[in-house]
Amino acid sequence: MAATARLEFRVTPAGRAMIECAAQLTGEPVTAFARMAAEERAERVLREHEAITTVPAEFFDELIAAFDEPVQRSPALAAAARRRTTVVRD
């Protein structure tokens, strides 16, 4: 898809020189280099954000409290685990 939307931002003279130097080293135009760098960073931030699961504080507190409760054995779960072992071996 062709880039048609415009985005402008200001940089320090040192920042501009660094971007221009890096673009020159990669053989890309400055605008293409800056756009790709911004897009790559945006993708990384969005991926990191998507990897975080947010839950209400009450749910989180209940979950943590449940870890402190004694283990309650489930006969049905134990039977299912035994069946699975038998099926996998056969």
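Please indicate, with yes or no, whether at least one residue in region 50-72 is closer than 30 Å to ARG10 by Cα and free of Cβ contacts under 8 Å to residues at least 60 places away in the same chain.
Scanning region 50-72, I find at least one residue that is closer than 30 Å to ARG10 by Cα and free of Cβ contacts under 8 Å to residues at least 60 places away in the same chain, so the answer is yes.
Every residue in region 38-52 that is assigned to a helix (DSSP H, G or I) and of a type in the set (A, V, I, L, M, F, W, C), please.
Hits for region 38-52 are ALA38, ALA42, VAL45, LEU46.
Considering only region 1-32, state which residues are in a loop (DSSP other than H, G, I, E, B), surrounded by 10 or more Cβ atoms within 10 Å (Cβ to Cβ) and small (Gly, Ala, Ser).
Listed by number, the list holds a single entry, ALA3.
Would it be correct to say that ARG35 is loosely packed, with under 11 Cβ neighbours inside 10 Å and either part of a helix (DSSP H, G or I) or aromatic (Phe, Trp, Tyr) (or both)?
no
Only the coordinates and a few stated rules stand behind these numbers; no lab work does. What you are looking at is a predicted structure, and each value in this text was computed from that prediction instead of being measured. Ideal geometry is used to build each Cβ from the backbone, glycine not excepted, and the neighbour counts take in all protein chains shown.
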